[in-house]
Amino acid sequence: IHHQPFQKEHKYKHMADEECDYLFKTVLIGDSAVGKSNLLSRFAKDEFHLDTKPTIGVEFAYRNTKLGDKIIKAQIWDTAGQERFRAITNSYYRGALGAMLVYDITRNETFENVRKWLQELKEFGDPDMVIVLVGNKSDLVDLREVEVEDGQKLAEVEKLCFLETSAKENLNVEDAFLQMITKIYKIASQKSL
Ligand code: GDP
């Protein structure tokens, strides 16, 4: 694709797969009701064409992002409730270069389960996968059960990026996804050198 320095913001947001420089698959994981779908719809916003693969029961959305002069298209998969049945495995993780692992700061059990999700990533995911740990619902301060430091510590031990977000108030949502996409892009562009 030809680099067009005059290209307007809105234009790349609607570029087709083949016009983009990179196309990545990423996945959302974490317990039910932690806010995965809300995070995804926040991030994908106006470019939100939610699509489904009914055969494997997942939903996904796209978001184009400009990094330097490159257009990155991130395809983001959501479990569409399948995590309840532990029915997501191979096909869900196949080819994914990034994972956003979400827990709910108001429910400690969702944080406890982060280890289980990491285990599953190790089993089914790409070993180079970029993992961003997200503590969602940071707006619910009075209901907090998981301290910021707990998230930070776990992220440090497991070598993950970490952020707290609020899908409801749109805090850090953009940042969380962009950290994941930027890191994937760095790894991918180094590999192709
Ligand atoms: P999923 O099952 O992980 O996809 O979770 P959903 O996105 O369906 O969200 C589960 C519930 O949590 C819904 O009632 C959302 O409205 C609510 N929710 C999601 N994100 C937030 C948030 O950041 N703050 C608050 N207060 N509620 C949220």
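Taken together, the values in this text are just the output of simple stated rules run on the coordinates, not laboratory data. Keep in mind the model is a prediction, meaning the values are calculated, not measured. Glycine also receives a Cβ, built like all others from the backbone with ideal geometry; neighbour counts cover every protein chain displayed.
Let me check I've understood the local charge: for residue 162, count other residues with C-beta under 14 angstrom from its C-beta, Lys and Arg +1, Asp and Glu -1. What total comes out?
Details: positive: 153, 159, 183; negative: 147, 149, 150, 156, 158, 164, 175.
It works out to a net charge of -4.
Sort 106-115, 69-78, 28-37 by packing, meaning the average of other beta carbons within 10 Å per residue, with the highest value first. Numbers along the way, then the final one.
Working: 106-115: 17.2, 69-78: 20.7, 28-37: 22.2.
Result, highest mean Cβ count within 10 Å first: 28-37, 69-78, 106-115.
Can you give the charge dipole size of the stretch 109-193 about its Cα centre, rounded to the nearest 20 debye, using +1 on the beta carbon of Lys and Arg and -1 on the beta carbon of Asp and Glu? Provide the component values of the computation, followed by the final result.
On the way: 11 positive and 18 negative charges, 98 e Å.
Using Cβ point charges on Lys, Arg, Asp and Glu, the stretch 109-193 gives about 460 debye.
List the residues, sorted by chain then number, that are 5 or more residues from residue 130 or on another chain and whose placed amide H is less than 5 Å from its amide H.
Under 5 Å from the amide H of residue 130 lie the amide H atoms of 98, 99, each far enough along the sequence or on another chain.
Shape verdict for the stretch 142-193, please, from the Cα gyration tensor: rounded (a/c under 1.5), prolate (a/b greater than b/c) or oblate. Don't skip to the answer; put the middle values down first.
Working: a/c = 6.10, a/b = 1.70, b/c = 3.60.
Since a/c reaches 1.5 but b/c is at least a/b, the shape of the stretch 142-193 is classed as oblate.
Assign one of three labels to the stretch 88-170, namely rounded, prolate or oblate, based on the Cα gyration tensor with a ≥ b ≥ c the square roots of its eigenvalues; rounded applies when a/c is under 1.5, prolate when it is not and a/b is larger than b/c, and oblate otherwise. Mind dumping the intermediate values first?
Numbers: a/c = 2.05, a/b = 1.84, b/c = 1.12.
Taking the square roots of the gyration eigenvalues as a ≥ b ≥ c, the stretch 88-170 is prolate.
Would you order 41, 192 from fewest to most other beta-carbon atoms within 10 Å of each residue's own beta-carbon? Let's see the in-between values first.
Details: 41 15, 192 7.
Least crowded to most crowded, the residues run 192, 41.
Mind listing the long-range amide H neighbours of residue 23? Cut-off is under 5 Å, sequence gap 5 or more, other chains count too, H placed in the peptide plane at 1.01 Å from N.
Hits under the 5 Å cutoff: 73.
Going by the alpha-carbon gyration tensor, a ≥ b ≥ c the square roots of its eigenvalues, is the stretch 103-144 rounded (a/c under 1.5) or, if a/c is not under 1.5, prolate (a/b greater than b/c) versus oblate? Intermediate values should be presented prior to the final figure.
Numbers: a/c = 5.90, a/b = 2.25, b/c = 2.63.
Because a/c hits 1.5 or more and a/b fails to exceed b/c, the stretch 103-144 counts as oblate.
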